[in-house]
Amino acid sequence: MKVEFYRHNIGEVEKERVVKALDSIFLTTGDIVYEFEQKLAQYLQVERSVALMSCTAALHLSLLALDIGPGDEVITTPMTFIATANSILHAGATPVFVDVEPETGNLDVNRVEAAITEKTKAIMPVHLYGHMCDMLALRTLANKYNLKIIEDAAHCLEGIRDGFHPGQLGDAACFSFYATKSITCGEGGAVGVNSSDMAEKLRKLALHGMSRSAADRYHGQYKHWDMELLGWKYNLNNIQAAMLTPQLELANDRLAQREKICQKYEAAFKEVEGIDFPKVLAGTKSARHLFTIWVDPQLRDQFMSEIASRGVSVAVNYRAVHLLSYYKETYNFEPGRFPEAERIGNSTITLPLYNRLTDEEVDYVIATVKSVVSKNYSGVS
Ligand SMILES: Cc1ncc(COP(=O)(O)O)c(C=O)c1O
């Protein structure tokens, strides 16, 4: 059997909407994007959302919109995809890593305060695998030191903690619609915010700092536009948004299906010697974006190749960012600096998790992983 790492959910409805968008006169950012933005803001229960071409763009522009740049420090986690820390560098600021909680892999709020200096301007937590960070505690800390919070919610569109969605306690929450995300248009992103001023600034920054978008210029008589600040070119287009809206409408139903798959994985791996996995903490509804297991770091790569050779595609999310060559060499990081992130980075294996997984495939993944890992502990070859 071959089990793919991911298969998207694009179906007939999305295809019809894309064809409709292609048949219209307006292909770039316009009404279809605005409709998606409204629905996304409603879904998240935030005031506004701005759709962009990636989560990386969303993180970058959120920093710029909050006036964070050269000379500023932003506290973040080393247990993430490089986009998080890279976006801080793109803004000209400095990422300051803080180690993660052992149970979830999320930024450890208890260690954040010690990393705050007079240069700290913001905290960028990552809701790893769909499990939200402790946003109530982070907000309290941020208020105490007058810091902004930019949530990397690339994994966490559907997540909730203590009754709050991403974007409700942060100054901005950034989402990804990249090819393997729970809703996707190939490449895409968005920011959720609770301030209209911030939304307008983000929109402007996403379009070279122009005072009018193409849609504004198209409707009605021509009016001159101005460039009010230096922006980038990060807008999402109508064709992409056409695909996203129908998927957003099904997001909660699809999360419920993934939750069942995760519970099956957890029940199956709970008693297996040599397998552990991140916990979902009380008060949290995980978006269940990725399911990872933790195995002996000495055996991780061997397990991965054995699992793959039996037809199950697996991945690593993530090796700790501070030990990747660029960060290691630029900032002289040595192994041992962030032990929890390193432990996870060296022991983690991500298993297939998506709505199109069949029961047979889930059973096959479980049987394969169990047999590969158990073989090692029972001494059977
Ligand atoms: C945690 C995290 N942050 C940011 C990103 C960047 O998203 P995008 O590819 O939409 O720029 C990703 C992408 O996978 C991610 O996993």
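The values are calculated or read from the model by the stated rules, or taken from the named source; none is laboratory data. Fair warning: this is a prediction, and the values are worked out from it, not measured in the lab. Positions of Cβ are backbone-derived with ideal geometry, glycine not excepted, and every protein chain shown enters the neighbour counts.
Of the residues Leu59, Leu64, Leu40, which is under 21 Å from Arg254 (Cα atoms), assigned by TED's automatic domain parsing to the domain that holds Tyr218 and not basic (Lys, Arg)?
Within the list Leu59, Leu64, Leu40, the selection yields Leu40.
I'm checking my understanding of the structure. Among residues of region 46-68 that are touching a Gly at 6+ places or on another chain (Cβ under 8 Å) and assigned to a loop (DSSP other than H, G, I, E, B), which one is nearest to the ligand (Cβ to nearest atom)?
If we take residues in region 46-68 being touching a Gly at 6+ places or on another chain (Cβ under 8 Å) and assigned to a loop (DSSP other than H, G, I, E, B), then Ser54 is nearest to the ligand (Cβ to nearest atom).
So Gly30 clears everything in (1) within 16 Å of the ligand (Cβ to nearest atom); (2) in contact (Cβ under 8 Å) with a residue 40 or more places away in the chain except one condition, right? Which one?
(1)
Just to be sure I understand, how many residues within region 343-381 are over 29 Å from Glu259 (Cβ atoms) and free of Cβ contacts under 8 Å to residues at least 40 places away in the same chain?
So the answer is 5.
When you go through Thr56, Thr84, Thr77 one by one, which is the residue that is of a type in the set (Val, Ile, Thr), modelled with pLDDT of 95 or more and touching a helix residue (DSSP H, G or I) at 6+ places or on another chain (Cβ under 6 Å)? If you could, list the steps in order and put the result at the bottom.
Working: Thr84 fails: touching a helix residue (DSSP H, G or I) at 6+ places or on another chain (Cβ under 6 Å); Thr77 fails: touching a helix residue (DSSP H, G or I) at 6+ places or on another chain (Cβ under 6 Å).
The conditions single out Thr56.
Under 7 Å between Cβ atoms, at least 6 apart or on separate chains: pull out the pairs that start in region 182-205 with a residue that is assigned by TED's automatic domain parsing to the domain that holds Leu59 and free of Cβ contacts under 8 Å to residues at least 40 places away in the same chain and end on any residue that is among the charged types (D, E, K, R) and away from the ligand (no atom under 12 Å from the Cβ).
Final answer for the pair search is Lys204/Glu228.
State which residue pairs qualify: first residue not assigned by TED's automatic domain parsing to the domain that holds Ser182 and inside region 251-262, second residue surrounded by 16 or more Cβ atoms within 10 Å (Cβ to Cβ) and in a helix (DSSP H, G or I) in any location, beta carbons under 6 Å apart, and separation of 6 or more residues or different chains.
Close Cβ pairs (under 6 Å, with a partner that is surrounded by 16 or more Cβ atoms within 10 Å (Cβ to Cβ) and in a helix (DSSP H, G or I)) amount to Ile261/Val362.
Let's see how each residue does on (1) within 20 Å of the chain's Cα centre (by Cα); (2) at pLDDT 95 or above; (3) surrounded by fewer than 19 Cβ atoms within 10 Å (Cβ to Cβ):
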position: Lys270; (1), (2), (3): no, yes, yes
position: Arg288; (1), (2), (3): yes, yes, no
position: Val295; (1), (2), (3): no, yes, no
position: Asp301; (1), (2), (3): no, yes, yes
position: Arg310; (1), (2), (3): no, yes, yes
position: Ser313; (1), (2), (3): no, yes, yes
position: Val316; (1), (2), (3): yes, yes, yes
position: Tyr326; (1), (2), (3): no, yes, yes
position: Tyr331; (1), (2), (3): no, yes, yes
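Please determine, by comparing only the residues of region 357-380 that are charged (D, E, K, R) and surrounded by 13 or more Cβ atoms within 10 Å (Cβ to Cβ), which one is modelled with the lowest pLDDT.
In the first step, residues of region 357-380 are kept if they are charged (D, E, K, R); the result is 359-361, 363, 370, 375.
If we keep only those that are surrounded by 13 or more Cβ atoms within 10 Å (Cβ to Cβ) as well, we get 361, 363, 370, 375.
Numbers: Glu361: 98, Asp363: 98, Lys370: 97, Lys375: 88.
Checked region 357-380; the qualifying residue modelled with the lowest pLDDT is Lys375.
Do we have Leu230 as out of contact with any Ser or Thr (no Cβ under 8 Å at 6 or more places or on another chain) and free of Cβ contacts under 8 Å to residues at least 40 places away in the same chain here?
Here the answer is yes, as Leu230 does meet what is asked.
So which residues in region 69-91 are crowded, with 17+ Cβ neighbours inside 10 Å, hydrophobic (A, V, I, L, M, F, W, C) and in a loop (DSSP other than H, G, I, E, B)?
Hits for region 69-91 are Met79, Phe81, Ala91.
Which residue pairs have Cβ atoms closer than 6 Å, lie 6 or more positions apart in sequence or on different chains, and pair a first residue in region 10-27 that is outside the structural domain of Lys181 (by TED's automatic domain parsing) with a second residue that is among the β-branched types (Val, Ile, Thr) and surrounded by 14 or more Cβ atoms within 10 Å (Cβ to Cβ)?
none
Please determine, by comparing only the residues of region 200-227 that are assigned to a loop (DSSP other than H, G, I, E, B) and surrounded by 12 or more Cβ atoms within 10 Å (Cβ to Cβ), which one is nearest to the chain's Cα centre (by Cα). I'd like the intermediate steps shown before the answer.
First, the residues of region 200-227 that are assigned to a loop (DSSP other than H, G, I, E, B): 206, 208-209, 211-213, 219-226.
In the following step, the residues that additionally are surrounded by 12 or more Cβ atoms within 10 Å (Cβ to Cβ) were identified as 206, 208-209, 211-213, 225.
On the way: Ala206: 20, His208: 25, Gly209: 26, Ser211: 30, Arg212: 30, Ser213: 27, Trp225: 34 Å.
The residue in question is Ala206.
Which condition does Leu236 not pass, out of (1) within 16 Å of the ligand (Cβ to nearest atom); (2) buried (at least 23 other Cβ atoms within 10 Å of the Cβ); (3) under 16 Å from Leu63 (Cα atoms), if it passes all the others?
(3)
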